[in-house]
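The values are calculated or read from the model by the stated rules, or taken from the named source; none is laboratory data. Nothing here was measured: the structure is a model prediction, and the numbers come from that model. Neighbour counts run over all protein chains shown; Cβ positions are idealised from the backbone, glycine included.
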Amino acid sequence: MVEIFINDKKFKVAKNTKLLDTCKKNNIYIPTLCYHPDFPGFAGCRLCVVEVRKKNESKLVAACEYPIRSIERFYTESEMVKKSRRMTAKLLIARAPEAKEILEEIINEKIEPEFDTLNVQNKRCVLCGLCYRLCHKQGTAAIYTAGRGADKVVQTPYKDANEDCIGCGSCVAICPTGAIRMIDSNGKRALWYHQFELLKCPICGEQHITNQMLLYEMQKTGLSETELSICPRCRREKMGQEMLRGICHEKIVTVK
Ligand code: SF4
Ligand code: FES
């Protein structure tokens, strides 16, 4: 165990625990944008910086990737931290002006834009990498980054419909700024240059799953087509009813 101080309060933590995890566990808020516990090791946004003070020296570290190894003092709301966060947010706003409000909410501060807006197509994308890292982790790998510097974008290869995309919409769900467009309308889903057919739930008729997604889930989970084509709401209801039947049956058996 290592003894550390966060905002002058003492904590005992296991060696090599990440600073962000310690803060989360102790309800100390650190703004994050690119961090996700399922795919760590990215540390791209720098919104999570924390000041580490050692004797007369101070430095900023990314809390999401900083392993606690020795007695150290951390400050999560010092002037140095706030200044850095503000600057990071301003740079992100220059790339993604439509994400301004979300960034302000994350860092809990109003931001006055300082830099000229970059001429990028997607004015909401902050390049946090969550969408394509999730897509790759789940094994579909349909989206990537293309270009460098100011020209860097998240895309499908050649800006075209990619056969690897199953139309699951996980990228849309995980994106913190709502930068990916997915439109479900008239039984079709438009996503990443694709028009996917949406299949109906056999119970309520809701069109909720693409054929590609169904096949992917069948392979991954071993569940049948019938089971997977039932929408999540009906599945929950069905499970609830089955559990209830089980309880009633148990009671009848006990009473007998
Ligand atoms: S599209 Fe969204 S999730 Fe993907 S990199 Fe941009 S902001 Fe992050
Ligand atoms: S959350 Fe730590 S660098 Fe992005």
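When CYS171 is tested against (1) within 9 Å of ligand 1 (Cβ to nearest atom); (2) in contact with an Asp or Glu (Cβ under 9 Å, 6 or more places away or on another chain), only condition (2) is not met.
A count restricted to segment 192-207 and to residues that are surrounded by fewer than 14 Cβ atoms within 10 Å (Cβ to Cβ) and farther than 21 Å from PRO232 by Cβ stands at 2.
The selection criterion, being assigned to a loop (DSSP other than H, G, I, E, B), within 14 Å of ligand 1 (Cβ to nearest atom) and at pLDDT 95 or above, does not hold for VAL154. Taking the criterion of being more than 24 Å from the chain's Cα centre (by Cα) and of a type in the set (Val, Ile, Thr), the residues of segment 1-24 that qualify are VAL2, ILE4, ILE6, VAL13. Among the residues of segment 107-127, none qualifies, meaning not one is in a helix (DSSP H, G or I), within 12 Å of ligand 1 (Cβ to nearest atom) and modelled with pLDDT of 95 or more. Restricting segment 173-191 to residues that are closer than 23 Å to CYS45 by Cβ and touching a residue at least 24 places away in the same chain (Cβ under 8 Å) leaves a set whose member that is surrounded by the fewest Cβ atoms within 10 Å (Cβ to Cβ) is GLY178.
Conditions tested, residue by residue: (1) crowded, with 17+ Cβ neighbours inside 10 Å; (2) more than 20 Å from the chain's Cα centre (by Cα); (3) of a type in the set (Asp, Glu).
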site: LEU127; (1), (2), (3): yes, no, no
site: LYS137; (1), (2), (3): no, no, no
site: THR140; (1), (2), (3): yes, no, no
site: ASP160; (1), (2), (3): no, yes, yes
site: CYS171; (1), (2), (3): yes, no, no
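Taken over segment 213-234, the criterion of being surrounded by 12 or more Cβ atoms within 10 Å (Cβ to Cβ) and either among the basic types (Lys, Arg) or touching a Phe, Trp or Tyr at 6+ places or on another chain (Cβ under 7 Å) (or both) is satisfied by ARG233 alone. Restricting attention to segment 42-87, the residues that are under 21 Å from THR17 (Cβ atoms) and more than 16 Å from ligand 1 (Cβ to nearest atom) total 25.
The C-beta contact set for segment 129-142 (first residue under 13 Å from ASP164 (Cα atoms), second residue surrounded by fewer than 21 Cβ atoms within 10 Å (Cβ to Cβ) and of a type in the set (D, E, K, R), distance under 9 angstrom, 6+ apart or interchain) comprises CYS135/ASP164; GLN138/LYS220; GLY139/LYS220; THR140/ASP164; ALA141/ASP164; ALA142/GLU163; ALA142/ASP164.
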